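The numbers here are math on the coordinates, done by the rules we state, and not lab data. Just so it is clear, the structure is predicted and the values come from calculations on it, not from any experiment. So basically every Cβ, Gly included, is an ideal-geometry build from the backbone, and we count neighbours across all protein chains shown.
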């Protein structure tokens, strides 16, 4: 079955997924911090820098694109989707319309974009996309998330997944419990478990093919403002415990988001997750954005003469996460060769 084969390819050993699906507004904030003008051309040039970096095909199975990027081409005229496909990297596309305030639930969000999604998915498939992504945002504190927020987002994720599979596209299902706040590790574990339980209940209810989808969850971590930050091992233990309790073995792979972690911390956590003596039933890989892009973006800073050095940093970062994917990463490897 094509869906299952594509899903397995996305989580192939030694490989991960680059999330390069930032909206123009989001990437604009990152550019602004570095003094880079945010124009169609600078966004195109930056994405070309990433997609043409030497050697990344050894470590990346897929790239999630933004609508604008899916339609763009390299300076030489090659469409990005074709450029990636020639390197045997699957092109994907973010299809949600972003998180909006959930009416009646202050501080909570619902992801929109289901209206017209069937038609958009068919067009994306025609344009070369082979998988998709939809992100749900879950606010966490002492009293949130509400059951309404969890159920509403899980239902939207399930409806999206079914529409994607209908069009022959592998859905990446991304329920993200945010790192913002002062919650501790135990609170994150409880909430993440509640969210994953509801997501898979909704996927089952809609009849989704679990073998033909990828889960993209947060790792179980304490909030950024929590005074007690756990070490790498407790995070890995809590994350694996939560996944074992709530994620069916039929799912071929789990591609973690970095969620605001530093590049080094995200790699260390992924490495610990893949070092356990008892192997989990799923492939454990990465689908990072900032944790892969921060070093090359800062090195490039919009300067054409810095493309080669930025690409070297990007390939290095991707390679480190490939090693973490196999449980072979160490801090000693961080120095750029």
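Expressed as a rounded percentage, what relative contact order does the stretch 101-160 have, with Cα pairs under 8 Å and six or more residues apart? Walk me through the intermediate numbers first.
On the way: 44 pairs, mean separation 26.7, N = 60.
Value for the stretch 101-160: 45 percent.
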Which one of 230, 252, 145 has the biggest mean-square fluctuation once the chain is modelled by GNM with Cα springs under 10 Å?
-> 230
For the chain, what is the relative contact order in percent, using Cα pairs closer than 8 Å and at least 6 residues apart in sequence?
-> 19 percent
Please give the calculated 222 nm ellipticity per residue for the chain, where each DSSP H segment of at least 4 residues contributes -39500 (n - 2.57) and the sum is spread over every residue; nearest 500 deg cm²/dmol?
-> -14000 deg cm²/dmol
Checking 211, 126, 189 against a Gaussian network model of the chain (alpha-carbon springs below 10 Å), the top fluctuating residue turns out to be 126
Could you please state, rounded to a whole Å, how far the C-alpha centre of the stretch 266-337 is from the C-alpha centre of the stretch 127-182?
-> 24 Å
For the chain, built as a Gaussian network whose Cα springs stay under 10 Å, the top-fluctuating residue of 110, 64, 214 | 110
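Report, for the chain, the % of DSSP beta bridges that are antiparallel, rounded to 5.
Of the beta bridges lying entirely in the chain, close to 10 percent run antiparallel.
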So what is the relative contact order of the stretch 118-269, in percent, for Cα pairs below 8 Å that sit 6 or more residues apart?
-> 25 percent
Computed FRET value (nearest 0.05) for residue 88 with residue 32, which takes r as the C-beta separation and R₀ as 41 Å = 0.75
